[in-house]
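Just below is one structure, and these are the notes that go with it.
The values are calculated or read from the model by the stated rules, or taken from the named source; none is laboratory data. Fair warning: this is a prediction, and the values are worked out from it, not measured in the lab. We place every Cβ from the backbone using ideal geometry, glycine too, and count neighbours over all the protein chains shown. Areas reflect the complete protein model, heavy atoms only, side chains present, ligands, DNA and RNA absent. Shrake-Rupley method; radii C 1.70, N 1.55, O 1.52, S 1.80 Å.
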Amino acid sequence: MYKVVLVDDDVFVIQFLKKMIPWQDYGFEIAAHFQDSSLAYKYLQENSYDVLITDIGMPKMTGIELIEQLKKSNSNSYNIILSCHDEFHFAQKAIKIGVYDYILKETMEEIDIIALLERLKQKFDQERYTSNKHLNITTFLEKNNIKSNVIEKLMKEQNMEKADWWKEQEHLLGMDLSHEHYTPVLCFIDHYQKAITEFENETLLQYRVNNLIDEVLTKVRQKVQIFYLKDTFLILIPLNRNKTMDINQFIELMIKEMHRKIRTILNISITSFIGEQNVKHQQLIENIQLLLKNKDQRFYYQHGSIQYFRPISYISDSIFHDYVQISQKLKELILKDKKDQIVESLYQQLTNIKEKKYSPAVIKDWANKLIFDIKLCISALKHFETQSNTSTDHFIQDVETFEHLECVLEELCGQFLEQVKSINLTTRNKDVLKAQKYVQTHLSEKISLKEVADHLHLNASYFSRMFKKEMGEGFIEYVTRMKMEKAIELLDHSVKSVEQIAFELGFESKSYFLKTFKKNYGFSPKSYKYKDKESI
């Protein structure tokens, strides 16, 4: 019940409010009532209350003076004024001191007071809910900080041989690692960044997930432990190995129900790895370490899936073996606005990468470079920076699974297509843009000014002047710069010989390529490839 204090020097008003209003029906009770405002002030300073209903005009201390004095004591009650005055200056004073409501006695009726109580009750209930929620979240954070510290120590293998240390950790967690058997399950919140946005912050997201998992798993086992590590959480499910049951089936049913509940109520999905079943103490710790050290394997599993953990051996071969051909093909398709072929080409390359089982970090490096090189290609269509300068690195780093990477790359390529279309619409000189695209898609050939001028149906001299005026550099200089940038790319990401690179870039001879490369960079291709880049 919320406590109400009544203050009015008119005894009939007090009696009316006490007898005619069904306070308890609406969650309130009269804690005290006074006709003397000074006695009321003393009581209110010494006792807790929620609502003060006071007359405005009283001897010794007016209702407004009473509220002002109480506010000096940091009272946070809701204050309601009863008055015979409907003059503006009284209402103005009441508003100034933050009165919740202002009621005229002449028009006061039971229904009005009840409506007021209903509004107050709703406000109090919401405040209590919010306060309890904040308290629960604070408790959750405190407990999880303890658990996270234990996990961090386990990963660093500190004090693991000391019996006293183990007893301390078991006491903190409320677990018996020496005698109880557990199955560790490592779970990931899918589309984590998006989920944080939808739940306002990381703490609220974890809190809501934690409550649902507790609700599902504690129906079966009372000592389930949940450890949160950012987008990952570890569940330790206690089991009795003496029970005649199919452990695998038992664990799967629990995890499936947990997945279903989270998906249905929170509208998010999780991915789960089930570790070795029914282990204790040292075996359990080793299993936890194995799960956490190999959590990047999640990259190869679909969102929302449940997997029995098996370590993946990643291939050590270079992922950049045929990178130059792949990136060049995609650049050309983007410049030619071949959306369907872009999607097909991406799918083929990513399928090949997935089958070979490169490590997720290596795959993300490959994807980041691919996106960066395509951005450079689009930037080269103009002599000023491309219209979109925003970094795309975080898109790739936030990728959680292979399927997620496919979607992100397809989306980014779609954005690049739109950028090229925008450039096509806004560029001041369409012929210069066509010339740039021609160069970008014919780098493997010998490109002459006359050849491109003929392609554009322009006089060669006119085209040369126009290109230099628009770009700030001559056409041949532009072609050479594009070929040299491609040469650097081939030296970095292929095993081709200098002679092969010269031929692939349309140079008549190896010697001319060497001369051009050194003129542009101040060192030979061989020096660049085999010496420390920073010292060059």
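Sort Phe372, Phe273 from largest to smallest accessible area, using a 1.4 Å probe on the heavy atoms of the protein chains.
Details: Phe372 115, Phe273 0 Å².
The most accessible residue leads, giving Phe372, Phe273.
What does DSSP give for the chain in terms of the percent of beta bridges that are antiparallel, rounded to the nearest 5? The partial results should precede the final answer.
On the way: 19 of 41 bridges.
Approximately 45 percent, going by the DSSP bridge assignments.
For the chain, give the percent of accessible area contributed by carbon and sulfur heavy atoms, probe 1.4 Å, rounded to a whole number.
49 percent
So if R0 is 56 Å, what FRET efficiency would Ser38 and Asp398 give, r being the distance between their Cβ atoms, rounded to the nearest 0.05?
Details: r = 65 Å, r/R0 = 1.15.
Computed FRET efficiency for Ser38 and Asp398: 0.30.
Going by accessible area, probe 1.4 Å, with all protein chains left in place, what is the ranking of Cys84, Cys377, largest first? All intermediate terms of the calculation are to be shown ahead of the outcome.
Details: Cys84 75, Cys377 10 Å².
In descending accessible area the options line up as Cys84, Cys377.
Return the loop-located trypsin sites (Lys or Arg not before Pro) in the range 1-99 (DSSP other than H, G, I, E, B) with at most 13 other Cβ atoms within 10 Å of their own Cβ; answer none if there are none.
Here the sparse-neighbourhood loop sites are Lys60.
For log10 I(q)/I(0) by the Debye sum over Cα atoms at q = 0.06, 0.11 Å⁻¹, several values are listed as (1) -0.59, -0.99; (2) -0.35, -0.92; (3) -0.31, -1.01; flag the one computed from this structure.
(1)
Which one of Phe124, Thr351, Val5 has its Cα pushed farthest toward the positive end of the charge dipole of the chain, where Lys and Arg give +1 and Asp and Glu give -1 at the Cβ?
Thr351
HN-Hα J couplings of the range 54-60 from phi, Karplus 6.51/-1.76/1.60, θ = phi - 60°, integer Hz, Gly and Pro as x?
9, 5, 8, x, 9, x, 6
What number, in percent, do you get for the relative contact order of the chain if the mean sequence gap of Cα pairs under 8 Å and at least 6 apart is divided by its residue count? List each step's numbers first, then the result.
Values: 581 pairs, mean separation 45.6, N = 536.
Computed value for the chain: 9 percent relative contact order.
Filter the trypsin sites (Lys or Arg not before Pro) in the range 395-483 down to the DSSP loop ones having no more than 13 other Cβ atoms within 10 Å, then list what survives.
The qualifying sites are Arg428, Lys446.
Just check the range 410-487 against the gyration tensor rule for me: Cα atoms, a ≥ b ≥ c as the square roots of the eigenvalues, rounded for a/c under 1.5, and otherwise prolate or oblate depending on whether a/b exceeds b/c.
Working: a/c = 2.02, a/b = 1.37, b/c = 1.47.
It is oblate, given that a/c is not under 1.5 and a/b is not larger than b/c.
Report the net charge of residues surrounding Val399, where surrounding means a beta-carbon distance below 10 angstrom and charges are Lys +1, Arg +1, Asp -1, Glu -1. Walk me through the numbers on the way to the answer.
Values: positive: Lys364; negative: Asp398, Glu400, Glu403, Glu406.
Spelling it out: positives minus negatives among the neighbours equals -3.
Can you give the accessible area of Arg119, probe radius 1.4 Å, in Å² rounded to 10?
For Arg119, the solvent-accessible surface is approximately 110 Å².
Any of Lys3/Lys93; Lys194/Lys496; Lys338/Lys526; Lys357/Lys483 with alpha carbons more than 31 Å apart? Name them for me.
From the list (Lys3/Lys93; Lys194/Lys496; Lys338/Lys526; Lys357/Lys483), the Cα-Cα distance tops 31 Å for Lys194/Lys496; Lys338/Lys526; Lys357/Lys483.
Report His303's accessible area, 1.4 Å probe, all protein chains in place, as a number in Å² to the nearest 10.
Counting only protein heavy atoms, the figure is 50 Å².
Ranked by accessible surface with a 1.4 Å probe, highest first, in what order do Tyr129, Tyr528 come? Please report the intermediate quantities before stating the final value.
Details: Tyr129 130, Tyr528 30 Å².
Largest accessible area first, the list is Tyr129, Tyr528.
Taking all pairs of distinct Cα atoms, average 1/r, flip it, and tell me the Kirkwood hydrodynamic radius of the range 420-536 in Å to one decimal place. Could you put the intermediate results ahead of the total?
Numbers: mean 1/r = 0.0646 Å⁻¹.
This gives a value of 15.5 Å.
Tell me, what is the 1.4 Å probe accessible area of Glu29, in Å² to the nearest 10?
Taking all protein chains as shown, Glu29 has close to 60 Å².
Hey, what's the chain come to in accessible area per residue, 1.4 Å probe, Å²?
Working: 28680 Å² over 536 residues.
Using a 1.4 Å probe on heavy atoms only, each residue of the chain averages 54 Å².
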